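Worksheet: one structure, shown below.
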Amino acid sequence: MPYPKSNSFKHLIEEAAIHFKNKMPGVLFKNPGENSVQAVFQHDARIHEVTNFTERGFVFGPFLKDSLPILIRPDREVSVALQVAENKIDPKEIVVKELSSEENRYKKLVEKAVEQIKLGALKKVVLSRKLEVATTATPIEIFQRMLQRYPQAFCYYWVHPKVGTWVGATPEILWSQRGKKFVTVALAGTLQKSQFPIPSWGAKEKEEQRLVTSYIKTALSAHVEKMQISEVETIDTGNLYHLKTTISGEFDPGNTKTILQSLHPTPAVCGMPLEAARSFLSEHENYSRGYYTGYLGELNMGTDIYTRLFVNLRCMELQEQRAIIYVGGGITEDSDSAREWEETVAKSKTMLQVV
């Protein structure tokens, strides 16, 4: 079936629908604050892997390093303007009554993590969980709702017939490079707007942010030059506030693979010390994150060869008429299990509002 010419957002949606119906890989995405939607379509169903980060295309990397990142090869690239008039879907508030057993399990896990931190085995660990909800919305409808509701996030709709379907609206840059210039961020600490209309940061959130910033600075120091670290700022991501530090400088583009291997996963999604946190999660988290808290984005794209990678947060995996939503939070010595549970509930609303 011939594709329609994608000279508008509507036509791009139609092209994507045909492409995915034909069981071909591809991704639609919008960068934060921009008013255009990009698409990368691959014209065969093979799984192409990223091995040295000199490849070109859209990369989708897992949380753990036990499998290679997947590349959507750019056999066709499209960019169209996003017109609000074409996207009038109204996201609805959805409240999910979660099982008390899940709440108790997660709280006990938080308490176990705090115990290990106080014993000195860990400084921080990021605990996560998933919840499944039924949905009658199509993936493209969910993506359109994200575009409307989260204009300052990296919004995406990713499909590979041999891997799965993921959608998300993440606020966090992992790594951005153009020429010798790079930018990354440390994003940690969370406050609910409903509880703090004006953000008031406590010791727990400030320490969490300090640990992430310190880790990234140390991880990059041997590989970059002219490093600059901004002041900590508060950012608004919809129904939540976060603390953010921007780190920039210069580097040798030939070191991209080495840098990403040292940077990912950061303490913002795993913990520190890294191996101790990873071991704790493997033993106690009790499920596979897959691509949640992995990374995704453009790799060596454009005429000026730029890379923009984002941490895969605020995301879900879609399976038939089910949405598997992933949420988590950073645990430090000052963490309270009840508050940590409520933080994951608040974060789940980001995705529940669009399914």
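Points to keep in mind about this one:
- Farthest towards the positive end of the charge dipole of segment 224-355, among the residues Thr266, Thr234, Thr256, is the Cα of Thr256, using unit charges on the Cβ of Lys, Arg, Asp and Glu.
- The C-alpha atoms of the chain define a longest principal axis, and helix 100-118 lies at about 60 degrees to it.
- Over the chain, accessible surface divided per residue gives 44 Å², non-protein components excluded, 1.4 Å probe.
- Seen against the Cα atoms of the chain and their longest principal axis, helix 139-149 is set at about 60 degrees.
- Taking a quarter of the surface of the Cα convex hull of segment 22-162 gives a mean projected area of 12.4 nm².
- Remark: segment 301-312, residue by residue, has Karplus-estimated 3J(HN,Hα) of 9, x, 6, 9, 6, 10, 10, 9, 10, 10, 6, 7 Hz, where x stands for each Gly or Pro and the curve is 6.51 cos²θ - 1.76 cosθ + 1.60 at θ = phi - 60°.
- Of Lys30/Lys347; Lys108/Lys347; Lys118/Lys226, pairs whose Cα-Cα distance is over 26 Å: Lys118/Lys226
- Total charge dipole magnitude, the chain, about the Cα centre, Cβ charges on Lys, Arg, Asp, Glu only, Debye to nearest 20: 300 debye
- Projected area averaged over orientations for segment 99-200, convex hull of C-alpha atoms, nm²: 11.7 nm²
- Sorting the Cα pairs of segment 185-252 by distance into bins of 10 Å, from 0 upward, gives 21, 46, 24, 9, 1 percent per bin.
- Nearest-ten-degree value, helix 203-221 long axis tilted from longest Cα axis of the chain: 60 degrees
- Counting Lys and Arg as +1 and Asp and Glu as -1 over every other residue whose Cβ lies under 12 Å from the Cβ of Val224, the net charge comes to +1.
- A Förster radius of 51 Å, combined with the Cβ-Cβ distance separating Glu283 from Gln83, puts the computed FRET efficiency at roughly 0.55.
- What the Cα convex hull of segment 216-266 gives, in volume per residue, is 94 Å³.
- Rounded to the nearest 10 square angstrom, Leu82 shows an accessible area of 20 square angstrom against a 1.4 Å probe.
- Among (i) 24, 49, 21, 6, 0; (ii) 29, 56, 14, 0; (iii) 30, 60, 10, 0, the entry that matches P(r) over Cα pairs in 20 Å bins from 0, in percent as calculated here: (iii)
- q = 0.11, 0.12, 0.14 Å⁻¹: log10 I(q)/I(0) that the Debye formula gives for segment 272-344, counting C-alpha atoms only: -0.44, -0.51, -0.67
- Quarter the surface of the alpha carbon convex hull of segment 126-283 and you get the mean projected area, 12.0 square nanometres.
- Rounded percent of accessible protein surface that carbon and sulfur make up, segment 235-288, 1.4 Å probe: 44 percent
- Val224 long-range amide H proximity, modeled H, under 5 Å: none
- FRET efficiency, Glu250 to Thr51 (Cβ-Cβ, R0 30 Å, nearest 0.05): 0.75
The values are calculated or read from the model by the stated rules, or taken from the named source; none is laboratory data. Computed from a predicted structure; not experimentally measured. Every residue, glycine as well, gets a Cβ built from its backbone with ideal geometry; the counts of neighbours run over all protein chains shown. Surface areas here come from the heavy atoms of the whole protein model, side chains and all, with no ligands, DNA or RNA. Shrake-Rupley method; radii C 1.70, N 1.55, O 1.52, S 1.80 Å.
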